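The values are calculated or read from the model by the stated rules, or taken from the named source; none is laboratory data. Everything numeric in this text was worked out from a predicted model, so none of it was measured. Every residue, glycine among them, receives a Cβ derived from its backbone with ideal geometry; neighbour counts consider all protein chains shown.
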Amino acid sequence: MSTDRKLHIGLSLTPTWLKGQRPHPDEALSAGMGPVEYYAELAQAAERAKLDFVFRPDYLVMNQAMAAHSPTFVGLDPTMMLASIARETEKIGLVTTASTTFNPPYIVARQIQSLHWISNGRAGWNIVTSIEGAENFGDEPMPAPEVRYRKAAEFTDLVRHLWASYPGSSSSAPVQAIDHAGEFFHVKGPLNVPGHDAGPPPLFQAGASEIGRSFAASVADATFAAMPDIGDGIELRADLRRRAERHGRSADAVRVLPGLYFFLARTREEAWKLHARAHAHLTRERRVAALKAVLGLDVGALAPDSRITADLLPASEHPVRSRTHADLLRRFILAKNPTMEEVLARPEVVGSAHWVSVGTVDDVLNDIVERFEAGALDGFIALPGGSVNSLNLFFEELVPALVERGLFRRDYEGSTLRQHLGIR
């Protein structure tokens, strides 16, 4: 199959193939190699595969459970790490993460514009409002989602104005203050880093809740979407396209890029063993606790074959850790009336509501093609699972197969992230 429409593919710089297990010696962050060097090698492999970008998430808390099950976990500041990786790569995009809840806008604008210069136009910003971490920034609790998103909207608008306040050498516009005075921030400006000739860094956003969709449609160039099922993807992408048009943007302005958590092996049996191994540490008790955190639903006293029906669900406004994950799981329960064991196996409970694909290269390839042709996505962010071999099969066989199908580029046509994403 050949088409003018191509996938956009990124790689998450997180050791997801080690999730839930003590790594084998050959799967650890190579002996004698630090995390920066290791992730630089991953970025170079992604660049050889001509991926659009590498992506680094961020956590402003120390997840002790993650450290216990992934002893190689190191929470390096993503922007600093990507600045180092920029010197080891030439064309691949570098998408960093910065919270609008806990950072000053001027500092974020300056750091990301600096990364843009260091990488020669390859920086991108993943905008997050954060769902935890308040205890590391004072005594106040986490703000309500509505407050976080109001702050994020003002923060993002402010950062964009700061980027524009000091035009690059190709512009004749003057440097000027922005004199911003809003609900959350007062900033005079201008920024002390000029704009790059590549144009401003593209904006990424990950929320798929009602308020998150509205925000993404208004500003994002791409959304790191949570969509475990193809139906969720079709609905979300269509909705974001409609919302973008209501904001006066093109329907194609927001590229929908779900996280693809895949387990690749030579046989389906081996792939499913990898999947089982990755989740073996999640006991029933831990899954029950996770379900309560995700949805506010306590099923500890129910029999394993009990069905979870609408009458068991907490009120929709019940406080939850992530509204996006809660909404996805709520819709699944309302549509399926699943058993408790089916609910406890859901991605929202055992992971992060990512799309999970398990099997051979052909199996996962067909899964990608089906969703792409159905209009459920514009690309994906790769989250290799199970083993280093799964990662290698992705680079060595899955991406080339997408190229042969005419769904992905053979070579870069530009050298900036905006060019890779087709942003004018």
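Annotation: Ser387 fulfils all but one of (1) within 16 Å of Thr267 (Cβ to Cβ); (2) surrounded by fewer than 23 Cβ atoms within 10 Å (Cβ to Cβ); the unmet one is (2).
Say whether the condition of being surrounded by fewer than 22 Cβ atoms within 10 Å (Cβ to Cβ), polar (S, T, N, Q) and within 20 Å of the chain's Cα centre (by Cα) is met by at least one residue in the range 84-91. No, the range 84-91 contains no residue that is surrounded by fewer than 22 Cβ atoms within 10 Å (Cβ to Cβ), polar (S, T, N, Q) and within 20 Å of the chain's Cα centre (by Cα).
On the given criteria, is Thr360 under 25 Å from Thr283 (Cβ atoms) and either of a type outside the set (Asp, Glu) or under 22 Å from the mean Cα position of the chain (by Cα) (or both)? Walk me through how you get there before you give the answer.
On the way: under 25 Å from Thr283 (Cβ atoms): no; either of a type outside the set (Asp, Glu) or under 22 Å from the mean Cα position of the chain (by Cα) (or both): yes.
So Thr360 fails the test.
Using the structure shown, decide if Ala225 is under 24 Å from the mean Cα position of the chain (by Cα), within 16 Å of Gly379 (Cβ to Cβ), hydrophobic (A, V, I, L, M, F, W, C) and at pLDDT below 95. Spelling it out, Ala225 is indeed under 24 Å from the mean Cα position of the chain (by Cα), within 16 Å of Gly379 (Cβ to Cβ), hydrophobic (A, V, I, L, M, F, W, C) and at pLDDT below 95. Residues in the range 238-257 that are under 20 Å from the mean Cα position of the chain (by Cα), closer than 14 Å to Ala220 by Cβ and not acidic (Asp, Glu): Leu240, Arg241, Ala244, Ala253, Val254, Arg255, Val256, Leu257.
Taken over the range 343-363, the criterion of being of a type in the set (Asp, Glu) and touching a strand residue (DSSP E or B) at 6+ places or on another chain (Cβ under 9 Å) is satisfied by Asp363 alone. Right, Ser322: outside the structural domain of Ile381 (by TED's automatic domain parsing) and either over 19 Å from the mean Cα position of the chain (by Cα) or at pLDDT 85 or above (or both) or not? Answer is no for this residue. When the range 213-232 is examined, which residues are found to be part of a helix (DSSP H, G or I) and either of a type in the set (Lys, Arg) or in contact with a helix residue (DSSP H, G or I) (Cβ under 6 Å, 6 or more places away or on another chain) (or both)? Correct list: Arg213, Phe215, Ala217, Val219, Ile230.
The listed residues are Met80, Met66, and the only one of them that is at pLDDT 95 or above and either more than 27 Å from Thr223 (Cα to Cα) or more than 16 Å from the chain's Cα centre (by Cα) (or both) turns out to be Met80. Looking at the range 135-158, can you tell me whether even one residue there is within 20 Å of the chain's Cα centre (by Cα), over 30 Å from Gly414 (Cβ atoms) and among the charged types (D, E, K, R)? Scanning the range 135-158, I find at least one residue that is within 20 Å of the chain's Cα centre (by Cα), over 30 Å from Gly414 (Cβ atoms) and among the charged types (D, E, K, R), so the answer is yes. Applying a threshold of 9 Å to beta carbon distances and a minimum spacing of six or more residues, or different chains, the list of pairs starting in the range 317-346 at a residue that is of a type in the set (Phe, Trp, Tyr) and ending at one that is in a helix (DSSP H, G or I) and crowded, with 20+ Cβ neighbours inside 10 Å reads Phe332/Asp232; Phe332/Val343; Phe332/Glu348.
Residue-by-condition table, conditions (1) without any contact (Cβ under 8 Å) to a residue 12 or more places away in the chain; (2) buried (at least 17 other Cβ atoms within 10 Å of the Cβ); (3) out of contact with any Pro (no Cβ under 7 Å at 6 or more places or on another chain):
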site: Ala144; (1), (2), (3): yes, no, yes
site: Ala153; (1), (2), (3): no, yes, yes
site: Thr156; (1), (2), (3): no, yes, yes
site: Ala173; (1), (2), (3): yes, no, no
site: Gln176; (1), (2), (3): no, no, no
site: Phe184; (1), (2), (3): no, no, yes
site: Leu191; (1), (2), (3): no, yes, yes
site: His196; (1), (2), (3): no, yes, yes
site: Pro201; (1), (2), (3): no, yes, yes
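What single numbered condition from (1) in contact with a Lys or Arg (Cβ under 9 Å, 6 or more places away or on another chain); (2) surrounded by fewer than 22 Cβ atoms within 10 Å (Cβ to Cβ); (3) farther than 26 Å from Leu365 by Cα; (4) not polar (S, T, N, Q) fails to hold for Ile230? If we test Ile230 against (1) in contact with a Lys or Arg (Cβ under 9 Å, 6 or more places away or on another chain); (2) surrounded by fewer than 22 Cβ atoms within 10 Å (Cβ to Cβ); (3) farther than 26 Å from Leu365 by Cα; (4) not polar (S, T, N, Q), just (3) comes out false. Step by step: first the residues of the range 119-138, then only those that are surrounded by fewer than 23 Cβ atoms within 10 Å (Cβ to Cβ) and of a type in the set (D, E, K, R), then the one that is nearest to Ala222 (Cα to Cα). Which residue is that? Step by step, filter the range 119-138, then rank; the result is Glu132. Please enumerate the residues belonging to the range 312-345 that are assigned to a loop (DSSP other than H, G, I, E, B) and surrounded by 14 or more Cβ atoms within 10 Å (Cβ to Cβ). Selection gives Leu313, Pro314, Val320, Arg321, Ser322, Pro338, Ala345.
Pull up the range 293-311, narrow it to residues that are part of a helix (DSSP H, G or I) and surrounded by fewer than 17 Cβ atoms within 10 Å (Cβ to Cβ), then point me to the one that is modelled with the lowest pLDDT.
Taking the range 293-311 first, the residues part of a helix (DSSP H, G or I) are 293-295, 310-311.
Filter once more, keeping what is surrounded by fewer than 17 Cβ atoms within 10 Å (Cβ to Cβ): 293, 310-311.
Numbers: Ala293: 83, Ala310: 90, Asp311: 89.
Checked the range 293-311; the qualifying residue modelled with the lowest pLDDT is Ala293.
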